Amino acid sequence: MPERVIPLVDIRSSGRPLAVPEQLRAPTGVLTDRRRRPLRDLRISVTDRCNFRCSYCMPKEVFGPDHPYLPHASLLSFEEITRLARLFLAHGVRKIRLTGGEPLLRKNIEVLVAQLARLRTVDGLPPDITLTTNGSLLVRKARQLREAGLQRVTVSLDGLDDTVFRRMNDVDFPVADVLAGIAAAQAAGLGPIKVNMVVKRGTNEQEILPMARHFRGSGVVLRFIEYMDVGVTNGWRMDEVLPSAEVVRLLQSAWPMVPLEASAAGETAQRWGYAGADGRFDPRLGEIGVISSVTQAFCSDCNRARLSTEGKLFLCLFASEGHDLRALLRSGASDAELSGALAKVWGEREDRYSELRGSLQGRSTARVEMSYIGG
Ligand code: SAM
Ligand code: SF4
Ligand code: SF4
C-alpha cells in the first residue's frame, strides 16, 4: 500500500493584524458577538510541544524529530499571558483553561497558574482555572499546581487496555502511569476530575464500557468526545467518528441512565447520570458526558476564545486564521488599546463551523492544528 501523504499547511505564521478602534470604551464586563454569544471562557495554549503522538492530533509522520516547533522567543511570556488574561476577565471571562500541546511541559507552569490565580473576574471572584493534560507528568506536578491555585484538571485517556493505549499515544506510554497521575490529582484536591476519551471507530470503541466501569462511582466524570476534523494532519474521515448517540446506547445497555441538566450555559457536554435502584440519578454512582462536536453542533452558545502559544486570538477551533494579539502587545499598546481591539474582534465574531460543517465539506483546507491551539 502506498504511504499516506499528509499535507501540513503551516498557518502558524499568518495572522490578521488587530485594529485598535478610534473610540476606546472601558470594558463593561459583558461582551457579545454578532450572534449574541457572550465571551466567558478563555483557553490558553502554553506550548506547541508534546511528549505523546496521538494519531488524531500529532501524527508521528508529520510531527517527527525535525518538526519546527515555535522558538522560545515567539511564545507569550507568563507576564504577557497574565496581562491579556486580565483584559479578557474585564470583558466577562470567568473560566481559564490552560492547554497545549502538553501544558505540563511548559517550564514552571505553576508560576503562571499562581499569577492567573491572583486575577479577579468582574464579580470580584478568582477565575475558575483548569488545565487539560495527558496526565503523564501529574504524579510529579499535581501538588505544586494545586498549591499555586489550580482548581481542577481534565485528563485525556483513550482506553484502559495497555496495548490499545500505548498504540494510541504512539510513544509506548503505559496506562498505569496516567492512572497514577489521576490518583495524584485526586489526592492533591484537583477535583472533580474529568477524564476525556476521544472515541475513534475501529480503534478504541471496545474501551468504552471498561472505561465507564472503571470510573463509575469513583468521583471522576468520564466524557466521551467524538473524533473531530480539527487541523489537517490527522487524515480525518467521517466513518471513523462514532456518534455520541451510539455511545449512550451502549452505556444504557449496561446500566440504567438518566439525562441530566446542562451544568452551565455554553457547556459542551451533554450529561447522563447513573441511576440507582429507584430509577433516579444516584450522585454516588456519578455521571458521564458526551461531547458531540461532529453530530450535534453547539455553536449557538459557544462562548470560548482561544489564545495560541504565540499570542494569536482564535474565535473558533476550526478557524483558519488568528488575530495577532502579540504584535499589538509588543508594539507597546496600552491596556485600553488592547482591550478595545479585543472588544472589536469579538464583537464582529460570526464563527459557527460545526453548524456549517456539512455544507463546507472539502472546502475548508487550511485549519489550525489542535496541538497548536489546544482543545
Ligand atoms: N495534551 C493535552 C491533552 O491531551 O489533554 C492537552 C491538549 S489536547 C490538544 C486537548 C484535548 O483535545 C485532548 O482531550 C485531546 O484528546 C483532544 N483532541 C485532540 N485532537 C482531537 C481530535 N481530532 N478530535 C477530538 N478531540 C481531540
Ligand atoms: Fe499531545 Fe494532547 Fe495532542 Fe495527544 S491530544 S498528541 S497528548 S497534545
Ligand atoms: Fe465554537 Fe467553532 Fe466549535 Fe462552533 S465550531 S462550537 S463556534 S469552536
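Quick notes on this structure:
- Some residue of segment 270-291 being touching a Ser or Thr at 6+ places or on another chain (Cβ under 6 Å) and of a type in the set (S, T, N, Q): no
- Of the listed requirements (1) closer than 22 Å to Leu251 by Cα; (2) surrounded by fewer than 17 Cβ atoms within 10 Å (Cβ to Cβ); (3) of a type outside the set (Ser, Thr, Tyr), Arg167 misses just one: (1).
- Verdict on Thr32 being touching an Asp or Glu at 6+ places or on another chain (Cβ under 8 Å) and touching a residue at least 40 places away in the same chain (Cβ under 8 Å): no
- Residue that is surrounded by the fewest Cβ atoms within 10 Å (Cβ to Cβ), among those in segment 316-341 that are more than 26 Å from Pro71 (Cβ to Cβ) and modelled with pLDDT of 95 or more: Ser334
- Residue list for segment 102-118, filter: more than 16 Å from ligand 2 (Cβ to nearest atom) and crowded, with 21+ Cβ neighbours inside 10 Å: Leu112, Val113, Leu116
- For Gly375, the criteria (1) at pLDDT 95 or above; (2) surrounded by 18 or more Cβ atoms within 10 Å (Cβ to Cβ) hold in every case but one, which is (1).
- Any pair with Cβ under 6 angstrom, 6 or more apart, that starts in segment 43-61 at a residue that is modelled with pLDDT of 95 or more and ends at one that is within 16 Å of ligand 3 (Cβ to nearest atom) and among the β-branched types (Val, Ile, Thr): Arg43/Thr99; Ser45/Thr99; Ser45/Ile373
- Set side by side, the residues Arg49, Arg43, Arg94, Arg34 differ, and just one is within 23 Å of Val155 (Cβ to Cβ), within 16 Å of ligand 3 (Cβ to nearest atom) and surrounded by fewer than 22 Cβ atoms within 10 Å (Cβ to Cβ), which is Arg43.
- Among the residues of segment 210-230, those identified as surrounded by 16 or more Cβ atoms within 10 Å (Cβ to Cβ) and either hydrophobic (A, V, I, L, M, F, W, C) or over 28 Å from Tyr353 (Cα atoms) (or both) are Met211, Ala212, His214, Phe215, Arg216, Val220, Val221, Leu222, Phe224, Ile225, Met228, Val230.
- Apart from one condition, Gly191 fits all of (1) within 16 Å of ligand 2 (Cβ to nearest atom); (2) at pLDDT below 95; (3) farther than 25 Å from Leu317 by Cβ; the exception is (1).
- Going through (1) within 20 Å of Lys344 (Cα to Cα); (2) surrounded by 13 or more Cβ atoms within 10 Å (Cβ to Cβ) one by one, Arg25 falls short only on (2).
- Every listed requirement among (1) charged (D, E, K, R); (2) more than 17 Å from Thr268 (Cα to Cα); (3) within 15 Å of ligand 3 (Cβ to nearest atom); (4) at pLDDT 90 or above is met by Glu369 save one, (4).
- Reported count of residues in segment 185-209, each being more than 18 Å from the chain's Cα centre (by Cα), crowded, with 19+ Cβ neighbours inside 10 Å and of a type in the set (S, T, N, Q), is 2.
- For segment 231-269, filtering for residues that are surrounded by 21 or more Cβ atoms within 10 Å (Cβ to Cβ) and in a loop (DSSP other than H, G, I, E, B) leaves 5.
- Residues of segment 276-299 classified as part of a strand (DSSP E or B) and within 17 Å of Val247 (Cα to Cα), total: 5
- The set of residues in segment 276-317 being over 23 Å from Ser45 (Cα atoms) and in contact with an Asp or Glu (Cβ under 6 Å, 6 or more places away or on another chain) consists of Gly276, Ala297.
- Looking only at segment 247-270, residues that are away from ligand 3 (no atom under 16 Å from the Cβ) and out of contact with any Lys or Arg (no Cβ under 9 Å at 6 or more places or on another chain) come to 9 in all.
- Condition check for Gly135: more than 16 Å from ligand 3 (Cβ to nearest atom) and in contact with a Gly (Cβ under 6 Å, 6 or more places away or on another chain): yes
- Restricting segment 339-357 to residues that are without any contact (Cβ under 8 Å) to a residue 60 or more places away in the chain and part of a helix (DSSP H, G or I) leaves a set whose member that is nearest to ligand 1 (Cβ to nearest atom) is Tyr353.
- Among the residues of segment 257-269, those that are at pLDDT below 95 and either on the phi < 0 side of the Ramachandran plot or of a type in the set (Val, Ile, Thr) (or both) comprise Glu261, Ala262, Ser263, Ala264, Ala265, Glu267, Thr268, Ala269.
- Looking only at segment 89-101, residues that are closer than 21 Å to Met370 by Cβ and more than 16 Å from ligand 2 (Cβ to nearest atom) come to 2 in all.
- Of all residues in segment 300-315, those satisfying the criterion of being in a loop (DSSP other than H, G, I, E, B) and more than 15 Å from ligand 1 (Cβ to nearest atom) are Cys302, Asn303, Glu310, Gly311, Leu315.
The values are calculated or read from the model by the stated rules, or taken from the named source; none is laboratory data. Computed from a prediction, not measured in an experiment: that's the story for all the values here. Positions of Cβ are generated from backbone atoms using ideal geometry, with glycine treated the same way; all protein chains shown enter the neighbour counts.
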